[in-house]
Amino acid sequence: MLKNTLLVTGTAGFIGSACARLLMDEYDFHLVSLDALTYAGHLSTLLPIMDNPRHTFVHGDIADTALVTRLLDEHRPRAILNFAAESHVDRSILGPETFVQTNVVGTLRLLECARAYWNGMDEADKAAFRYLQVSTDEVYGTLKPEDPAFTEDTPYAPNSPYAASKAAADHLVRAWHETYGMPVLTTHCGNNYGPWQFPEKLIPLVITQALAGGDLPIYGDGMQVRDWIYMEDHVRGILAVLEKGRVGERYNIGGFGETFNLNIVHTICDTLDSIKPRSDGQSYRTQIRFVKDRPGHDRRYAISPAKTSGELGWSPRESVATGLRKTIEWYVANGEWVKQVKDKGFRDWLEAQYAQRMAHGKGLAASSAQASGSSAG
Ligand code: NAD
Ligand code: DAU
């Protein structure tokens, strides 16, 4: 007999933790959360729900078949939501192998555990069970300015090692439905932002670098377009797909947030100028630096959530203007968390990643170490 329990993976990361917190705050599910606590996983993101009796956290790898099998047998979840992944495009360029290990092999192992578990169920439970794969819009490749937004019928054309590994995982999920009849769902989303995001991604990197008095690195001309969505809107979309999505289908989740990178960075600088002005009276915009572009950099993403909205009645609550403001305020108020996660490993990464991009060849490490959480204002 299935229980009102979800097994959610990647819950110490940015979006997985948002899902875990929302599940505890607004739903009555029991939650078993599984995370390998890589550099991107921080238990602090789960602190608000660590003592909740409906939540069990397990430190482990999705590729650990024995562990996942035990968790499924013990907890009898009615669904598995797979957020666990290596998620940063720049890291996939410097070291693709871990991306294949977690995103492809990890997904394969999780699917195989789910299949064995599902095969052992009676017909009613088999029909009720769901495996949901959290994917990305990057599997669709890049768009020209005049192209229509990605739909669920857009052919796959991944350009980065990260996107290729996510696409491979999606293909496995699809095949497990077509071949074995597994009740799967797949969601695709654009660029997420919000509180608790590890500061390697554009928005938290720029906010935290700005406050630390460091460089704000813009790849190329900064005129790339991303389709931004507040992470809680993404999570609510995933939960709508879980509850009401048609088995075997893919659903796009988008926030109507198409924006040039440079505009995002300008908005962050201008907002900080008004809520936490620099002590020298200058604008944070003076910290912007144009740096060498990312290889294979996708020019534009835009994702149409028409199917998800039309079929499931989901729509985003936040605009980029409201969500970004909330996010900036959160980082200004949570310097301690930023200090905690910007450990030596992260400073080494900044050095390695940005040394090759910056004209002075020194990376961003000096600036983040210099203030390490202290404010320029
Ligand atoms: P994240 O990097 O912040 O978190 C990933 C989490 O997965 C970390 O807590 C990490 O410890 C955990 N993890 C990594 N390898 C693991 C393994 N082998 N076993 C168990 N746990 C492991 O990522 P995120 O931004 O929260 O993204 C979550 C998911 O959403 C990913 O699948 C990503 O591809 C997808 N996604 C992200 C975005 C985005 O903008 N961030 C957009 C669309 C889709
Ligand atoms: O589209 C969904 C994807 O969005 C997710 O699947 C990925 O997990 C997530 O990391 C994100 O990928 P991006 O590569 O778009 O995100 P990132 O924050 O790394 O970069 C956003 C844009 O900003 C991109 O055009 C590159 C640019 N950029 C990024 C960094 C880190 C810069 O100009 N400077 C930077 O220092």
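The values are calculated or read from the model by the stated rules, or taken from the named source; none is laboratory data. Keep in mind that what you see is a predicted model, and the values were worked out from it rather than measured. Because the Cβ atoms are built from the backbone with ideal geometry, glycine has one as well, and the counts that use them run over all protein chains shown.
Key figures for this structure:
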read-out: Within the stretch 35-51, considering residues that are surrounded by fewer than 24 Cβ atoms within 10 Å (Cβ to Cβ) and within 16 Å of V235 (Cβ to Cβ), the one nearest to ligand 1 (Cβ to nearest atom); value: L46
read-out: Qualifying residue in the stretch 162-169 (condition: modelled with pLDDT of 95 or more, surrounded by fewer than 16 Cβ atoms within 10 Å (Cβ to Cβ) and either closer than 20 Å to K307 by Cα or not β-branched (V, I, T) (or both)); value: no
read-out: Sole exception among (1) more than 24 Å from M223 (Cα to Cα); (2) surrounded by 22 or more Cβ atoms within 10 Å (Cβ to Cβ); (3) not basic (K, R) for D122, by number; value: (2)
read-out: Failed item, numbered, when N192 is tested on (1) out of contact with any His (no Cβ under 7 Å at 6 or more places or on another chain); (2) within 16 Å of ligand 1 (Cβ to nearest atom); value: (1)
read-out: Sole residue being away from ligand 2 (no atom under 16 Å from the Cβ), touching a Ser or Thr at 6+ places or on another chain (Cβ under 7 Å), aliphatic (A, V, I, L, M) and not assigned by TED's automatic domain parsing to the domain that holds R347, chosen from V105, V32; value: V32
read-out: Residue list for the stretch 220-260, filter: crowded, with 20+ Cβ neighbours inside 10 Å, over 30 Å from Y180 (Cβ atoms) and among the polar types (S, T, N, Q); value: Q224
read-out: Residues of the stretch 310-328 classified as assigned to a helix (DSSP H, G or I) and more than 20 Å from the chain's Cα centre (by Cα), total; value: 3
read-out: Matching entry among V32, V89, V68 (being buried (at least 17 other Cβ atoms within 10 Å of the Cβ) and touching a strand residue (DSSP E or B) at 6+ places or on another chain (Cβ under 6 Å)); value: V32
read-out: Identity of the residue in the stretch 283-309, polar (S, T, N, Q) and assigned to a loop (DSSP other than H, G, I, E, B), that ends up farthest from ligand 2 (Cβ to nearest atom); value: S283
read-out: Answer from Y156, Y162, Y180, Y131 - the residue that is within 30 Å of T267 (Cβ to Cβ), touching a residue at least 12 places away in the same chain (Cβ under 8 Å) and hydroxyl-bearing (S, T, Y); value: Y162
read-out: Selection within the stretch 82-116 - within 12 Å of ligand 1 (Cβ to nearest atom), within 22 Å of A175 (Cβ to Cβ) and part of a helix (DSSP H, G or I); value: F99, V100, Q101, T102, N103, V104, V105, G106, T107, L108, R109, L110
read-out: Members of the stretch 130-161 found to be surrounded by 14 or more Cβ atoms within 10 Å (Cβ to Cβ) and farther than 23 Å from K307 by Cβ, listed by number; value: N159, S160, P161
read-out: Hits in the stretch 332-361 - residues which are among the acidic types (D, E) and over 21 Å from the mean Cα position of the chain (by Cα); value: E336, D348, E351
read-out: Inter-residue pairs, beta-carbon under 8 Å, first on the phi > 0 side of the Ramachandran plot and outside the structural domain of R21 (by TED's automatic domain parsing) and in the stretch 190-217, second more than 10 Å from ligand 1 (Cβ to nearest atom) and in a loop (DSSP other than H, G, I, E, B), 6+ apart; value: G213/A376
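Conditions tested, residue by residue: (1) over 20 Å from E138 (Cα atoms); (2) free of Cβ contacts under 8 Å to residues at least 60 places away in the same chain.
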residue: I229; (1), (2): no, no
residue: A240; (1), (2): yes, no
residue: N252; (1), (2): no, no
residue: D280; (1), (2): yes, yes
residue: S283; (1), (2): yes, yes
residue: S304; (1), (2): no, no
